[in-house]
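First up is the structure itself, then whatever we jot down about it.
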Amino acid sequence: DMTGLLSHSLNVGAATLSITLGPQQFYDHVSAFGIGQLTNVDVAGEEPGHLKRPGDPDWHDADLATNAFGQGVATTSLQMMTSISAIANGGAIMHPHILREVHDGDAVSFTQPQIMSRPVSGEVALTLAEMLADSLAKETKLAVVDGYRLVGKTGTAQIPMPYGAYDPERTIASFVGWGPADDPKFIIFVKLDAPTVSQWGSQTAAPTFADLVRRLVVLMEIAPDSIRQQMAADIG
């Protein structure tokens, strides 16, 4: 099923879905999440990444399948976090900022939350978040943090080489996730270039994510799920 596809990172399953959708729907959805576009973050020199579409001189029929599991698509870390945060934000992509506030003498200007787009509905976002949380708990044990239900996904990408080839040995291992699942307070993106312990994101980036979560819940004073839920029940 779809949760199993996410759990096992099945490239064939992702390719089957993109082919079933067809190029128009598939690329429209990917573009709606901001892939291949600037996030317009408040910092100079941002790169848009790269997303080929039918009609582009470098797009081929096979790209519809391979793009579905990320091959041939280039994103920045910020772009990845911004796009996937829509699932944590009930379907809304927020305008990312580096600065929270700016002080100029006695004047202080604050960054105001701004919705850039809604690529999916709140219902779809919640459904996908639940699927990701289930797949993380079942198959990505190294990303689990006791007491907290988290949402996330592994990534393992081949490193592109000149002339269209891919490095046969090295990878980019990644993990993106957020929590707590029922009331997201943070999102983390871990990207490891050519890790040596293992080439897989589930073995390298996932435990790094868990380590960061253990520190963040202390720094942000986020109680374990059972305590938060009991407090909410007592108040209610």
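The values are calculated or read from the model by the stated rules, or taken from the named source; none is laboratory data. From a predicted model like this one, the values you see are computed outputs, not experimental measurements. Backbone-built Cβ (ideal geometry, glycine too); neighbour counts: all protein chains shown. Heads up: the accessible areas ignore ligands, DNA and RNA and are worked out on the full protein's heavy atoms, side chains in. Shrake-Rupley method; radii C 1.70, N 1.55, O 1.52, S 1.80 Å.
Rounded to the nearest 0.05, what FRET efficiency do Gln203 and His95 have when you use their Cβ-Cβ distance and R0 = 45 Å?
On the way: r = 34 Å, r/R0 = 0.76.
Result of the calculation: an efficiency of 0.85.
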Evaluate the distance, in nm, between pseudo-label points positioned 7 Å from the Cα of Ser226 and of Ala107 along their respective Cα→Cβ axes.
-> 5.3
Taking the Cα atoms only, what angle lies between the long axis of helix 122-139 and the longest principal axis of the chain, rounded to 10 degrees?
-> 90
Positive-end residue, the chain charge dipole about Cα centroid, Cβ charges, pick of Ser85, Gln37, Ala107 | Ser85
Projected area of the range 53-144, taken from the Cα convex hull and averaged over every viewing direction, in nm²?
-> 9.8
Dipole-positive endmost among Ala223, Trp178, Pro207 within the range 122-236 (Cβ charges, Cα centre) = Pro207
Using Cα atoms only, what is the angle between the long axis of helix 77-88 and the major principal axis of the chain, expressed in degrees (0 to 90) to the nearest 10?
-> 60
What ranking do 61-69, 103-111, 4-12 get when scored by the average of other Cβ atoms within 10 Å per residue, highest first?
-> 61-69, 4-12, 103-111
Taking the alpha-carbon centre of each part, the distance from the range 74-104 to the range 153-199 in Å is 18
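Given a 1.4 angstrom probe, I'd like the percentage of the accessible area of the range 1-68 that is carbon and sulfur, rounded to a whole number.
Values: 2360 of 3920 Å².
Carbon and sulfur together cover 60 percent of it.
Counting every Cα pair in the range 105-236, what percent are over 24 Å apart?
Working: 3895 of 8646 pairs.
The answer is 45 percent, as a whole percent.
Could you give the accessible area per residue of the range 67-171, probe 1.4 Å, as a whole number in Å²?
On the way: 6210 Å² over 105 residues.
Spelled out: the 1.4 Å probe surface of the range 67-171, per residue, equals 59 Å².
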Any chance you could run the full-extension gain for His50 through Glu139? It's 0.36 nm times the residue separation minus the Cα-Cα distance, nm to one decimal.
-> 29.0 nm
Return one number: the angle in degrees, 0 to 90 and rounded to the nearest 10, between the long axis of the Cα atoms of helix 11-21 and the longest principal axis of the Cα atoms of the chain.
-> 80
Dipole axis of the chain (+1 Lys, Arg; -1 Asp, Glu on Cβ), positive-most option in Gln71, Ile98, Met131 = Met131
With +1 on the Cβ of every Lys and Arg and -1 on the Cβ of every Asp and Glu, the dipole magnitude of the chain about its Cα centre, in debye rounded to the nearest 20, is 340
Out of Glu139, Glu101, Glu130, any idea which swings most in a Gaussian network model of the chain, alpha carbons joined below 10 Å?
-> Glu101
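Suppose every Lys and Arg Cβ carries +1 and every Asp and Glu Cβ carries -1, with no other charges. What dipole size does the range 70-183 come out with about its Cα centre, to the nearest 20 debye?
Working: 7 positive and 12 negative charges, 61 e Å.
Roughly 300 debye for the range 70-183.
What is the extension gain from Ala62 to Lys185, computed as 0.36 nm multiplied by their sequence separation minus the C-alpha to C-alpha distance, in nm to one decimal?
40.4 nm
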Sites removed, the longest contiguous part of the chain containing no DSSP-loop trypsin sites (Lys or Arg not before Pro) with at most 14 other Cβ within 10 Å is 1-99
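With each run of n ≥ 4 DSSP H residues scored as -39500 (n - 2.57), what mean residue ellipticity at 222 nm is computed for the chain after dividing by its residue count and rounding to the nearest 500 deg cm²/dmol?
-11500 deg cm²/dmol
Which values, in whole Å and largest first, are the semi-axes of the equivalent ellipsoid of the chain obtained as the square root of 5 times each eigenvalue of the Cα gyration tensor? Could you put the intermediate results ahead of the total?
On the way: eigenvalues 178, 108, 72 Å².
Semi-axes from the Cα gyration tensor: 30, 23, 19 Å.
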Indicate the gyration tensor shape class of the range 1-111 (rounded, prolate or oblate), computed on the Cα atoms with a ≥ b ≥ c the square roots of the eigenvalues: a/c under 1.5 is rounded; otherwise a/b larger than b/c is prolate and the rest oblate.
-> prolate
In whole angstrom, how long is each semi-axis of the equivalent ellipsoid of the range 189-236, when you take the square root of 5 times every eigenvalue of its Cα gyration tensor and sort them from largest down?
-> 33, 10, 7
